[in-house]
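The values are calculated or read from the model by the stated rules, or taken from the named source; none is laboratory data. If you're wondering where the values come from, they're calculated on a predicted model, not measured in any experiment. In this analysis, Cβ positions are derived from the backbone assuming ideal geometry, glycine residues included, and neighbour counts consider all displayed protein chains. The protein model used for the area step is the full one, side chains on, heavy atoms only, and it has no ligands, DNA or RNA in it. Shrake-Rupley method; radii C 1.70, N 1.55, O 1.52, S 1.80 Å.
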Amino acid sequence: MKKGILCFAFASSTCILNAQTTPGSDFNGRLTGKTIDSSSGHALEYATISVFFQGEKKPVSGTTSDVSGQFTIKELAKGSYTVVIEFIGYQPHTFNNIGIDGKTPTVNLSTISLVKKSNLLQTVTVSLPGKIIENRIDKLIFNAEKDLTSQGGVATDILKKVPQVSVDVDGNVQLAGSSSIRFLIDGKPSSAFGNNITDVLQSIPASQIKSIEVVTNPGAKYDAQGLGGIINIILKKNNARGINGNISLTAGTRLENGAFNFNVRDGNFGMSAFVSGNSKIASNTPVTYDRLSHNASDSTTDLLHQDGLSRFHRHGIETGLGFDWTYKKKNSFSGSLNYNEFGNTGTGHTSQSQVTTLDDGSGSVLSDIAVVNNTRSSFIFHNVDAGLNYKRTFDKEDRELEIAVNSSFGNDHAKSGNNQFLLPQDSLSYARNNINPGKENGTEFTIDFTEPLRKNVTLGVGTKIHFDDINSTSNVFSLQTGKAFLFDSSLSNYLKYHQKVYAAYVELSFPVGKLFDAKVGGRYERTQMNTFYSNAQVQARSSGYNTFVPSIFLMKKLGDNQTIKLSYSKRIQRPEYSDLNPFVNTSDPKNISSGNPFLTPQIGNRYELSYSRDLGATGFFVVSIFYRGSNNDIQPYIVYYPSLVIGDSIYTNVSVSTRQNIGLEKNMGASLFGNINFTKKLSVRSNFFVFHRNTINKLDPGYNSKSFNYRFNVNTNYQFNKTLTGEFFGNFSSARHEAQGSYPSFTTYSIALRQQIWKKKGSIALTAVNPFNEYIKQKTLLYGPGFSVTSVRRIPYRSFGINFTWKFGKLEFKKNKEENSGNINPPSE
């Protein structure tokens, strides 16, 4: 009986995925109605409505009911129809001889009461097969729920598998070769992403993520922020009525996490809650560092050698509440309140030697100094994200009004310090304690309105106001005589940064005859800033600037299974809090780092051409080529100083790393993604991404760079039986070339087995990452005027883990409107 219900559910739901309107028909007939439960009167969401020509068994169209039970089927030709309404566990209802013609172009079936079957199962889970990748007109969707090897991991493990996205061994993310990415969660911004993106992404368990949307060329409706594009992380939700949820627990040698989701829904009101936690077990990373520098003023060469070990631990916790309520069919309210906390701690031990020689050819040693440096650091960030959304629909189809307000309130607290001992006396010669508290608060108001002007022509307009306030304080305590630490006013500072963005957009979607579909838009943004940096002799000018961001999307369907898309968009990248923070980290007095409060936004233009083909049951593939150019490109940048005064202190033979507007960068590349189902049990998907980068350095003319960068991965899935699945994922990334050199290539691979239990409501998964290699060796080569650096890190990467997942409660119905497989139930004769 259970197998019968599952087959029935699959067949009835996939009907809507294959439904087609009659070819060549210009008549726009419609069917409307509402589905309810006959006993309770509650609306039935996801009821399947199938439309057949009278006497035929092949459907011509179909849909599913929405949260209020309402449904509408458009673009029906003139004729007589049979309409079948179905819902899992209910008796189907059939209408015969429904006539649609010029006199009756719209037929309202009114309210359809479906009767429960007497032997209805109390609990059932139906999972419809779907594509791992969905290619929409303006975005690409990676369905993370269908991925296995990242099940016990974190968000960055999923991102590794998304086309055009690359993640290095430290968790830094690039989209189409750019690290300037606008990250969103459920379409909303968070102050967490402006602070430490790596910590945030490595603290979200993969089991919490439903899908990841990638928008490389965002349209006018999207914020202009994010030069590389937008990555939107969609968390899991369940719209089934009643009580349901899931639990996921992962234990491992390198990573541990857990997540709990709980949902309650009754009629038009639903609430959800979740909590998740993550911990990266502390591990040791051996590091060697060699810097060769030349001092032209006294004709000397310095060789700095460091050999040390760092120990690092990361943790995070997230929790939240959400609700949605539909009032009188056309009014929808939703809201959420989330709390997040992320942090890390680290300690280090470095043996350091510095040898200074004359450049006269004799190799005479002027000095040979050896020290031991002990470092410590900690970082904690917590924030509250709150949002409220209202959506209004109208009698006119596709007319919509949406109003939203979202706020994020974030606080962080960083500490660092060091004790440096001079050898061989082992005497304390240098010490610093640094405390860096900060705040980032942001609020945005949005209004969006969509108006269908005529058939297939839609106008979208909207406006947004966004406020950002950043406050950062750096308190430095320096070692004084007598081993006392006193407040150092010359190194301490604070930053106040206030930014307001006013935006408005217009976007029009329309067909260009029968040639192609188009979406054309423009977005205007006015940015106003007011900043104050305590240690600046001259303050950055408080001013505003205007940005017009056009976007164009053209799409041509070649038959039912081929699509060509051409798009263009202009983007802007405003500096984030982590870029601006002026805190000067002197824990290693030979390698100092700091933010840059004087950064200016970078502007980019991106063009993309893509071709996709659906191979039916065999699979599909997508190939795209792109070009992106950006001015005032923001990158990490190192400058070497033989002698540098910071506050009241003098640092010798020191390199300073900051974020800088380096100049112009040009990128051109291509991406190929494919999924092939060789048999019903074996499927393989792969992505190859390559691009050429040309960086024109305006800070140090002549230090330009050109390079090819590429990435390749492959994912193999094998279904041993109905409940046991195995998966292998391998990834290779070439050396990453930036303005000052190259960051190393790396290879990772993972293996996973998942056994479903308890009638597929539970599962146990075993995972192994790089099981035959304990470390990934990372050799970095950097250079600039007067210096060159070679560093080697051995990052612990091997891990083993076990994941347990359990889904409880009533029906979980996963539908995919884009899917094109399966058959529907024809009307009974």
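Observations
- Of the residues making up the range 558-584, those that are over 22 Å from residue 178 (Cβ atoms), modelled with pLDDT of 85 or more and not hydrophobic (A, V, I, L, M, F, W, C) are 562, 563.
- Filtered residue count, the range 45-66, keeping only those that are open to solvent by less than 10 Å² (accessible area, probe 1.4 Å) and not hydroxyl-bearing (Ser, Thr, Tyr): 4
- Residue list for the range 706-737, restricted to those being within 29 Å of the chain's Cα centre (by Cα) and polar (S, T, N, Q): 707, 709, 713, 715, 716, 717, 719, 725, 731, 733, 734
- Number of the condition not met by residue 311 [criteria: (1) part of a strand (DSSP E or B); (2) open to solvent by 60 Å² or more (accessible area, probe 1.4 Å); (3) in contact (Cβ under 8 Å) with a residue 40 or more places away in the chain]: (3)
- Search result, residues across the range 21-50 that are modelled with pLDDT of 85 or more and either within 28 Å of residue 513 (Cβ to Cβ) or among the polar types (S, T, N, Q) (or both): 29, 30, 32, 35, 48, 50
- Against the numbered list (1) farther than 23 Å from residue 636 by Cβ; (2) surrounded by fewer than 22 Cβ atoms within 10 Å (Cβ to Cβ), residue 204 comes up short only at (2).
- Residue 477 fulfils the conditions (1) open to solvent by less than 30 Å² (accessible area, probe 1.4 Å); (2) part of a strand (DSSP E or B); (3) over 24 Å from residue 401 (Cβ atoms) except for a single criterion, (1).
- Criterion: over 18 Å from residue 581 (Cβ atoms) and in contact with a Phe, Trp or Tyr (Cβ under 8 Å, 6 or more places away or on another chain) - qualifying residue of 521, 513: 521
- Selection from the range 599-614 of residues that are more than 15 Å from residue 551 (Cα to Cα) and either in contact (Cβ under 8 Å) with a residue 60 or more places away in the chain or under 22 Å from the mean Cα position of the chain (by Cα) (or both): 599, 600, 601, 602, 610, 612, 614
- The residues of the range 570-612 that are acidic (Asp, Glu) and in contact with a Gly (Cβ under 8 Å, 6 or more places away or on another chain), listed by number, are 576, 579.
- Listing of strands (runs of 3 or more DSSP E) fully contained in the range 27-101 that carry 1 or more residues being touching a helix residue (DSSP H, G or I) at 6+ places or on another chain (Cβ under 9 Å): 48-53, 59-64, 79-86
- Residue match in the range 83-90 (condition: crowded, with 16+ Cβ neighbours inside 10 Å, touching a Lys or Arg at 6+ places or on another chain (Cβ under 8 Å), charged (D, E, K, R) and closer than 24 Å to residue 268 by Cβ): no
- Qualifying residues in the range 794-811 (those that are of a type in the set (D, E, K, R) and under 24 Å from residue 256 (Cα atoms)) - the one surrounded by the most Cβ atoms within 10 Å (Cβ to Cβ): 807
- You will find that of 340, 263, the residue that is open to solvent by less than 60 Å² (accessible area, probe 1.4 Å) and touching a helix residue (DSSP H, G or I) at 6+ places or on another chain (Cβ under 6 Å) is 340 and no other.
- When 372, 384 are checked against the criterion of being part of a strand (DSSP E or B) and modelled with pLDDT of 95 or more, a single residue qualifies: 384.
- Count - residues of the range 360-388 that are open to solvent by less than 80 Å² (accessible area, probe 1.4 Å) and among the acidic types (Asp, Glu): 1
- Consider the range 715-738 and keep the residues that are open to solvent by 40 Å² or more (accessible area, probe 1.4 Å) and among the β-branched types (Val, Ile, Thr). The one that is nearest to residue 674 (Cα to Cα) is 716.
- Taken together, the criteria place residue 68 among residues that are within 35 Å of the chain's Cα centre (by Cα) and in contact (Cβ under 8 Å) with a residue 60 or more places away in the chain.
- Residue ranges of strands (runs of 3 or more DSSP E) in the range 480-574 with at least 1 members without any contact (Cβ under 8 Å) to a residue 40 or more places away in the chain and out of contact with any helix residue (DSSP H, G or I) (no Cβ under 8 Å at 6 or more places or on another chain): 485-487, 493-512, 516-533, 544-557
- Sole residue being closer than 30 Å to residue 438 by Cβ, aromatic (Phe, Trp, Tyr) and assigned to a strand (DSSP E or B), chosen from 333, 409: 409
- Total residues in the range 595-634, condition open to solvent by less than 30 Å² (accessible area, probe 1.4 Å) and closer than 30 Å to residue 432 by Cβ: 5
- Residues that are open to solvent by 20 Å² or more (accessible area, probe 1.4 Å), of a type outside the set (Gly, Ala, Ser) and at pLDDT 85 or above within the range 236-251 comprise 243, 246, 247, 249, listed in sequence order.
- Selection of the range 641-655 for residues being part of a strand (DSSP E or B) and open to solvent by 20 Å² or more (accessible area, probe 1.4 Å) yields 641, 642, 643, 644, 645, 646, 649, 650, 652.
- Conditions (1) modelled with pLDDT of 75 or more; (2) open to solvent by less than 30 Å² (accessible area, probe 1.4 Å); number of the one not met by residue 149: (1)
- Among the criteria (1) within 26 Å of residue 501 (Cα to Cα); (2) assigned to a strand (DSSP E or B); (3) open to solvent by 40 Å² or more (accessible area, probe 1.4 Å), the one residue 578 does not fulfil is (2).
- Screening the candidates 501, 512 for the property of being under 30 Å from residue 461 (Cα atoms), in contact with an Asp or Glu (Cβ under 7 Å, 6 or more places away or on another chain) and either of a type in the set (Val, Ile, Thr) or open to solvent by 70 Å² or more (accessible area, probe 1.4 Å) (or both) yields one hit, 501.
- Close pairs from the range 256-279: first on the phi < 0 side of the Ramachandran plot, partner open to solvent by 30 Å² or more (accessible area, probe 1.4 Å) and among the charged types (D, E, K, R), Cβ under 7 Å, at least 6 apart: 261/236; 265/241; 266/241; 270/324; 272/237; 279/256
- Filtering the range 109-125 to residues that are farther than 18 Å from residue 48 by Cβ and modelled with pLDDT of 90 or more leaves nothing.
- A single member of 517, 468, 488 is more than 30 Å from residue 441 (Cβ to Cβ), touching a strand residue (DSSP E or B) at 6+ places or on another chain (Cβ under 9 Å) and at pLDDT below 95, and it is 517.
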